[in-house]
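Input: a single structure, listed below in structure tokens.
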């Protein structure tokens, strides 16, 4: 597992929407990471290009084997949408300090738990999960 920042996670997920993991690894091998910003215009891709210089860390991140160093509530909400296709008010409820009524598969539970920064806790409750600070 590797630790990445929130921007790297966003950039990685955007890149994975356009390319397979194999294509991304080939671009890294061919040193074509500078082209990512042109291909994915909504993100600068600079943070992800920096991460790609560490092959082991990048490979872990690409496989979804990462922890995010610090996540805000809006960041967490966005990650649940981008990485897991879970939508606010449909798949979970957002309060001032928690996400409640979150339904996760066993695989998603492991991935969410692993991804969360130390300022968050994933707690199993009667009807799903709660993520709280």
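General remarks:
- In the frame of its principal axes, the chain has Cα extents of 49, 26, 22 Å, reported largest first.
- Compactness index (Cα Rg / 2.2 N^0.38 Å), the stretch 2-67: 0.95
- In terms of its Cα atoms, the stretch 71-132 spans 24, 23, 20 Å along the principal axes, sorted from long to short.
Bear in mind that the values in this text are calculations on the coordinates, not laboratory data. Model, not experiment: these values are computed from the prediction.
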